[in-house]
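Following: one structure in structure tokens, then a few remarks.
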Amino acid sequence: MTPDELLDVFHRQVRLPDADAIPGWRQEVDGLVHRSYLEGPGSGGFVEAPRGLGDDPDAVIAGQIAFFTERGLSFEWKTYAYDEPADLPARLRRAGFVAEPAETLILGEVDRILARPGALPSKIRLRDVDEPSDLHRIAVLMDALWGMGLERIEVRLAAERRMFPDRLIVTLIEDALKGPDGPALTAAWVRFQPGTGFASLWGGGTLPEWRRQGLYSAILVHRAKLAKERGYEFLRVDASEDSRPILQNLGLHAVTTTTPYVFSV
């Protein structure tokens, strides 16, 4: 499929029905806006508007700010480069949102990834996690790489696995000799999105000293196999500039960019 065809399928199957909201979070449609949020530990919210914002975009934006401010929740408005109105980013900045680094939306067919083997160095082991201690090791890795917060990652992944065990698989790569006593060298997870053809890929961080040794590619191929086993046709990644060229070299396509705009309360 071409990049434009993949983006069209993604828009229809994922964005319009809001199929990629975090499982367990409250989902609401407020006019043209899709929002999801969680109150309590790890709280926050997400907003996007795949159908545009109508005749008065600033009023819609103000309404979402009022909704989340009333609940004391910071939230992210996720924009895609093709969203309407075209000046949405400027409107969000004027309303007090702060842009975070842009990412590239990468889409592709599962079979393109499975056509390439994912080999690991000797004495390195890849496995799906099943112990709370594994989630802690993954949180330590993600916090060291991206400052994501130990508790935030550990608590959210544990809660999601507990509530939706069939929709999330978390994988790590470790030194086989050190096992659970050593650090997670690479970690990633895959979310399966029921009612769509897409499995979404998250994480993928690797310790600096272990980069360029095939770990990222191996954990990608592993998750593609998991998706294939469950009947999913497509993969989706919100890719950083570090992972974008790897994914493209493996046969996936950059179809557009996304930028999160954060409003803090």
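Tell me the per residue accessible area of the chain using a 1.4 Å probe; a whole number in Å² is fine.
47
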R0 of 22 Å, Cβ-Cβ distance residue 43-residue 102: FRET efficiency to nearest 0.05: 0.30
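So if R0 is 22 Å, what FRET efficiency would residue 209 and residue 128 give, r being the distance between their Cβ atoms, rounded to the nearest 0.05?
Details: r = 24 Å, r/R0 = 1.09.
Between residue 209 and residue 128 the formula returns 0.40.
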Counting DSSP beta bridges with both ends in the chain, the antiparallel % (nearest 5): 85
Under the Debye formula (equal points on every Cα, no solvent term), log10 I(q)/I(0) of the chain at q = 0.07, 0.13, 0.14, 0.15 Å⁻¹: -0.25, -0.89, -1.03, -1.17
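Working out 0.36 nm times the residue gap between residue 112 and residue 163, then minus their Cα-Cα distance, what length gain in nm do you get to one decimal? Before the final figure, lay out each step's value.
Numbers: separation 51, 0.36 × 51 = 18.36 nm, distance 3.13 nm.
Value of the extension gain: 15.2 nm.
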Gain in span if fully extended, residue 94 to residue 4, counting 0.36 nm per residue against the direct Cα distance: 29.3 nm
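Normalising by the residue count of the chain, find the relative contact order in percent from Cα pairs under 8 Å and 6+ residues apart. The partial results should precede the final answer.
Numbers: 470 pairs, mean separation 75.0, N = 265.
Once normalised by length, the contact order is 28 percent.
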Dipole-positive endmost among 61, 21, 176 within the chain (Cβ charges, Cα centre): 176
Projected label distance in nm at residue 119 and residue 16, using a 7 Å step from Cα toward the beta-carbon: 4.5
Net charge dipole size for the chain [Lys, Arg +1 and Asp, Glu -1 on Cβ; Debye, nearest 20]: 720
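The values are calculated or read from the model by the stated rules, or taken from the named source; none is laboratory data. Owing to the predicted nature of the structure, the values given are computational and were not obtained by experimental measurement. Here Cβ is always computed from backbone atoms with ideal geometry, including for glycine, and neighbour counts include all displayed protein chains. These accessible areas exclude ligands, DNA and RNA; they are computed on the full protein's heavy atoms, side chains included. Shrake-Rupley method; radii C 1.70, N 1.55, O 1.52, S 1.80 Å.
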